[in-house]
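Remarks on the structure that follows.
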Amino acid sequence: MPRIANVLVLFVLVAGPVSAQTAGSVPALKREATISGELVRIGDLVESAGAAAGTAIFRSPDLGETGRVTTDQVLDAIRPHGLIGVDTRGLTEVVVIRPGHIIGAKDITAAIGRILAGRYGLGDAKDMAITLDVEPRPIHVESSAPTDLQPSRIAYDHRTGRFDVLLEVPGSAVMRGIVLHYAGSGIETRNAAILAHAVTRGTVLKAADVVIERRAKADLGDDPCDSAAAVVGLAARRTLRSGQALRSADLMKPEVVQRGEAVTLVYETPGIYLTIRGKAMESGAEGDLISVSNGQSKGTLQGIVSGPGRVTIEATAARREPTAVSSAQPEPRGTPSPRTE
């Protein structure tokens, strides 16, 4: 039996004559027909078809699709059934619509992701990456039928991510008794900040240095960085390779004091501000506690990096090192000088 479609040549289904035309009425071609079943009948395409209205002449388009049949094809199909003098209304074709839903490949993979995430506690379904072994064919169901796919059997291997499922479309008459089989892999993913190229230790990352990609959660390790904002402005703690997923442990605040660099040692308390030149014994970022050498006594102190080339000495450290700092700018008259012990 020929099916109405955009490109198929259609032929008459039944060739037996039927006395169909009602006296006093003129059969007329319809511009458009909406079909709910598998068959297109004369009455679907022609008004006032009389007794021939129920005679099937074509197969319907697939569910959810629209087909077209030419006026000449309709006339050829209905002529053997006693319909003559049909008013074509100047139409060259009749549009045939069969309402329905199409469950496409994306819908199928999304359904499998929801099923795996819910059944096996794999996080949010939107974070599941589903890869099917074979590209699924679209599923056509009635417009009144639900499009949710339900599992009748499912197997999943946490170690490999492989799955094997049998799905059904409940509530669909055309899919009743049909089981859909899909196999593939499903893994939980998340956003990850990935290095666009290799960087050396101390390199301060810019927006152009990273891209955001979805990666398997199991491959990201502890405390992964998931956005550019989480890494831009930080420095590499060690040499990092291109394509590497960044973790918090890979990054640090930029070092503003370098080992061996001449620095200004600052001692400041209410009413007292003293500075002296020193030398950094190790590198450090702002806020880091590092060792510095007193430029006068050559003793070693601990100080907090407070800016580029600047280390602030705590009062307790200054008392332990009598010559740690000396006045580099005069204090107002009457201001007592710090005691040395």
So how many residues does the stretch 145-176 have that are in a loop (DSSP other than H, G, I, E, B), touching a residue at least 12 places away in the same chain (Cβ under 8 Å) and under 27 Å from GLU65 (Cβ atoms)? 12
What number goes with the only condition from (1) crowded, with 20+ Cβ neighbours inside 10 Å; (2) not in a strand (DSSP E or B) that PHE58 does not pass? (2)
Using the structure shown, decide if LEU63 is part of a loop (DSSP other than H, G, I, E, B), in contact (Cβ under 8 Å) with a residue 12 or more places away in the chain and in contact with a His (Cβ under 6 Å, 6 or more places away or on another chain). yes
Show me the strands (runs of 3 or more DSSP E) entirely contained within the stretch 196-274 in which 3 or more residues are out of contact with any His (no Cβ under 7 Å at 6 or more places or on another chain), outside the structural domain of SER291 (by TED's automatic domain parsing) and surrounded by fewer than 16 Cβ atoms within 10 Å (Cβ to Cβ). 210-216
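Okay, residues lined up against (1) modelled with pLDDT of 90 or more; (2) more than 30 Å from MET175 (Cβ to Cβ):
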{"position": "ALA5", "(1), (2)": "no, no"}
{"position": "LEU10", "(1), (2)": "no, no"}
{"position": "ALA28", "(1), (2)": "yes, yes"}
{"position": "ARG31", "(1), (2)": "yes, yes"}
{"position": "VAL46", "(1), (2)": "yes, yes"}
{"position": "ALA53", "(1), (2)": "yes, no"}
{"position": "ARG59", "(1), (2)": "yes, no"}
{"position": "THR70", "(1), (2)": "yes, yes"}
Checking the conditions here, which among ILE130, ILE108 is within 14 Å of HIS181 (Cβ to Cβ) and either part of a strand (DSSP E or B) or in contact (Cβ under 8 Å) with a residue 60 or more places away in the chain (or both)? ILE108
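Condition first: at positive phi and modelled with pLDDT under 90. Now tell me which residues in the stretch 72-93 satisfy that.
GLY82, GLY85
The values are calculated or read from the model by the stated rules, or taken from the named source; none is laboratory data. Given the structure is predicted, the values throughout are model-derived calculations rather than measurements. Reconstructed Cβ throughout: ideal geometry from the backbone, glycine too, with neighbour counts over all protein chains shown.
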